[in-house]
């Protein structure tokens, strides 16, 4: 975990329960497979509102490059929102450890990606970056998988609907009474 703050950073791991009230969360994941490559970004505001984005990468990429693309896309989004306090989560050990300085980037493309990430991270007065288990990053993973599976030639918006019960279930009629009121004037 990397913590950068003008305030004293505590030594505890940032989790939903111990983040400061004004801290925004950024969950990112990348995916690259035989169908294509994608990135998933989930931003959680301090009040719990979710902002989600699935990104289709229209170029050939390794999985690590897709992970970096997800991180960069997320950082650009939160920068546009003028966020100052940010907790970043990724399930990529390589990306989080390179961003924290624990690992060195050796491959020239990884060095370029790392330089871009570090440049964007400088924009945030307070941030943390932490590797999380895949099981804790499933939302961003689902968006990355969606992005990697979509045809890149079409732009689209995909609404997501929630059904409380199966469509074949009958809705019980509600007993109601109609009251006619005469004008009271």
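Just so you know, all these numbers are worked out from the coordinates, no wet-lab data involved. Quick caveat, the model's predicted, so the values are computed rather than measured. Methodologically, a virtual Cβ is constructed for each residue, glycine included, from the backbone with ideal geometry; neighbour enumeration extends over all protein chains shown.
A few points about this structure:
- Between residue 45 and residue 168, full extension at 0.36 nm per residue minus the direct alpha carbon distance yields a gain of 40.6 nm.
- Of the peptides 106-116, 55-65, the ranking by mean beta-carbon count within 10 Å, highest at the top, reads 55-65, 106-116.
- With the highest mean first, a sort of the peptides 72-78, 162-168 on other beta-carbon atoms found within 10 angstrom per residue produces 72-78, 162-168.
- Within segment 25-149, DSSP assigns beta bridges of which about 65% are antiparallel (rounded to the nearest 5).
- Gain on full stretching of the segment that runs from residue 63 to residue 123 - 0.36 nm per residue minus C-alpha separation: 19.0 nm
- Shape call, segment 22-145: gyration tensor on alpha carbons, a/c limit 1.5: oblate
- Highest to lowest packing among 135-146, 93-104, scored as the average C-beta count within 10 Å: 135-146, 93-104
- Oblate is the label for segment 85-131, because the ratio a/c of its alpha-carbon gyration tensor axes (a ≥ b ≥ c) is 1.5 or higher and a/b is not greater than b/c.
- For segment 14-162, relative contact order (Cα pairs under 8 Å, six or more residues apart, normalised by length) works out to 34 percent.
- Subtracting the Cα-Cα distance of residue 76 and residue 102 from 0.36 nm times their residue separation leaves 7.0 nm of extension gain.
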